[in-house]
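First comes the structure, then the notes that go with it.
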Amino acid sequence: MNPVEQLQQIPLFAPLSVEERAYVAPLFHRVRYQLGDVVFAQGAPGDAFYILETGVLRVWQVDAHGQDHVIDYYEPPRHFGETSLLTGIPHNATADVFSKEADLLVLPKNEWDDLLDKHPEIKEHLQIRSDIQQKLTARPFKWLAEGEYVVEHTRRHPFALLLMLRLPALAAGGMLLFALLIPILDALTGGALAWLMAVDALLWIGLAIWLLGSFGWAILDWRNDSLIVTNRRVVHFERVIGLFEEREEAPIERVANVNESSFGIAARLLNFSDIRVETAGHQTDISFSYVPRHLRLRQKIFEQIEEIRSRSEFEKRAQVRAEIRAKLQKHMLRTAGDAPAPAAPPLRAASPAPLPIRQRRHSTLGSWLNKQLGLQIEEQGKITWRKHWFDLFARAGKMLGISALIALLGPALIVASWEGSAGLTRLLLIAAWVILLSITAFLAWYKYEDWRNDIYQLTDERVLDIERSPFRFKERLVETTLERIQNVSYNKPNLLANLLNYGDLKIETAGGQGQLVFSKISNPQWVAQEIFRRRDAHRERQQHDQARRNQEDFLDWFLEYNLLLQQKGDVSVLPAALRTPPSDAAPSDDKPTP
């Protein structure tokens with residue numbers, strides 16, 4: 001069948017014109033896989049669309065308990081990978097070849113994206129499934145990491161908005177009643193009170209302003225509060241424009257339970273509930289009220305929990321198997337007296353990609369202040385923060401102003417009283433001026449040094465809160481390791497904090513160790529992201545180390561078992577014809593072999 005005609009049989013491409021299908025068809029590459037080859041793996045990013053021409057594929061999944069489950073067998077003609085092609089969302093299953101050979105037509109996502117850049121009208125004509133369309137239209141939050149996507153995004157039920165409008169509506173009703181009564185009163189008095197109509201006009205204007213202001217404010221406040229579930233975390237975002245901003249996050253893997261509670265007839269009739277997402281040790285619980293579609297939200301959270309756990313089990317098993325296979329191959333080749341086999345391939349990451357380092361822009365004033373005051377110092381593997389410059393101004397500004405005032409006005413006062421003063425008086429005036437200037441300057445320096453000695457540090461292993469007084473009269477250090485961090489949240493408590501972009505950062509730790517608070521820190525939202533990024537990277541390193549230790553243990557058992565079988569004569573060393581180490585890598589989808 002002609003490739004252009006073949007695309008017409010696929011619902012995704014069927015609505016395209018002949019010319020548009022002619023653009024798409026050349027992007028497909030024919031790839032031949034052998035028995036056991038992996039077409040795509042569970043947890044790998046979706047990067048292609050497939051059409052199975054010959055052979056059989058087995059689709060299977062490792063669950064959260066480490067058990068294998070065969071989901072389906074694909075036989076031609078079969079096409080799959082629509083979600084991967086359009087969204088890039090990671091696969092939740094593995095597809096491998098279950099026949100001697102299998103031929104597939106592969107459409108790489110990177111080439112597809114390039115085509116859409118040149119011909120965006122093609123995307124408008126596609127017949128996209130509703131579930132995929134929902135993923136594509138999800139709000140692209142700036143704080144989402146690479147490979148992270150929104151699973152569910154909800155605001156409070158509109159009933160909560162109605163409750164917020166109760167008092168404004170009551171006040172508006174009172175103003176409306178007075179505005180309607182005034183013309184009646186004016187008619188009863190025969191227009192004797194001329195000012196009544198002026199008051200009536202003011203009431204109508206005030207009513208209009210009140211309705212627009214209070215109702216508009218309530219609607220904006222309602223829209224700015226949301227609960228978001230991604231494939232990596234649960235996020236509660238709350239903001240009052242110009243006053244404060246707060247975001248709480250709980251990693252999906254730490255969620256232990258989702259509790260629901262509803263009260264009253266309205267909750268039952270309108271189907272909303274209060275949600276509390278509980279985490280291990282209750283370190284990062286998130287509460288959100290008036291949640292619509294609460295059963296769906298609960299289901300989505302637990303689906304992501306199972307997805308992460310099953311993906312982790314699959315990747316750990318794949319790592320262990322690959323390493324053991326490579327090392328057994330190496331051992332058997334050495335036993336045969338040949339040269340060592342090539343080194344085993346590196347382990348694949350068992351955890352999601354770490355959160356990206358932020359891309360941050362400074363204003364000219366911000367860059368200058370950061371350079372002069374050392375508000376943020378980035379070194380190799382370590383970041384040091386100090387409190388926001390406004391905190392320094394609040395501490396030392398008053399004393400510095402007094403010192404500057406004395407420095408400027410003191411000489412003028414001394415000169416003014418110089419004539420007619422005795423020599424001793426002149427000396428006393430100069431001495432008093434010097435002493436006052438020294439005291440105020442010292443106090444300003446003391447407050448600056450006290451501010452400068454309060455630092456927060458983040459390394460690749462730990463988080464530190466260090467507080468020292470000048471001359472080291474007092475010193476306090478609170479430290480925790482990244483692996484103990486359960487949650488990081490922040491809030492900008494007032495209008496000034498929002499304008500100057502500073503706030504308090506709260507770090508919750510496991511094991512009842514309490515919390516660390518970075519108070520009045522600049523750009524707390526990015527600091528939270530950086531802590532999460534380094535925590536994820538730290539956990540990834542730990543998983544690699546643990547996987548290697550497990551592999552060594554397994555390898556010792558397998559080698560001993562193999563040696564025992566050789567001694568009994570049940571197995572022989574690897575035949576020379578089979579001494580080429582097999583490749584575990586699947587053919588690349590990005591650059592497939594024709």
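Listed values, structure above:
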read-out: Vicinal HN-Hα couplings computed from phi for the range 143-148 (Karplus, 6.51 cos²θ - 1.76 cosθ + 1.60; Hz; Gly/Pro x); value: 7, 5, 7, 5, x, 9
read-out: Karplus-derived 3J(HN,Hα), 6.51/-1.76/1.60, for each residue of the range 16-27, Hz, glycine and proline x; value: 5, 6, 4, 5, 5, 5, 5, 6, 7, 3, x, 6
read-out: Net charge dipole size for the range 3-136 [Lys, Arg +1 and Asp, Glu -1 on Cβ; Debye, nearest 20]; value: 100
read-out: Segments 167-178, 42-53 sorted - mean Cβ within 10 Å per residue, highest first; value: 42-53, 167-178
read-out: For the range 160-223: relative contact order, % (alpha-carbon pairs under 8 angstrom, 6 or more apart); value: 49
read-out: The range 244-324: trypsin sites (Lys or Arg not before Pro) falling in loop per DSSP and having at most 16 other Cβ within 10 Å; value: ARG293
read-out: Residue pairs, from the table LYS142/LYS316; LYS382/LYS506; LYS447/LYS474, whose Cα atoms sit over 22 Å apart; value: LYS142/LYS316
read-out: Long-range amide H partners of ARG78 with built H, under 5 Å; value: LEU52
read-out: Karplus-derived 3J(HN,Hα), 6.51/-1.76/1.60, for each residue of the range 492-507, Hz, glycine and proline x; value: 10, x, 8, 4, 5, 4, 5, 5, 8, 6, 9, x, 9, 10, 10, 10
read-out: Potential extension, ALA280-ASN257 segment - 0.36 nm per residue separation minus Cα distance; value: 7.4 nm
read-out: Least to most buried among SER519, SER17 (fewest other Cβ within 10 Å first); value: SER17, SER519
read-out: Convex hull volume per residue in cubic angstrom - Cα atoms of the range 3-136; value: 104
read-out: Packing-based order for 133-139, 481-487, using average beta carbon neighbours within 10 Å, highest first; value: 481-487, 133-139
read-out: Sorted by Cβ neighbour density within 10 Å, fewest at the top, the residues MET197, MET164; value: MET197, MET164
read-out: Dimensions (Å) - the range 448-496, Cα atoms, principal axes, largest first; value: 35, 34, 15
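Where a number appears in this text, it was derived from the coordinates with a stated rule and is not lab data. Everything numeric here is computed off the predicted structure, so don't read it as measured data. For neighbour counting, all protein chains shown are included, and Cβ atoms are generated from backbone atoms with ideal geometry for every residue, glycine included.
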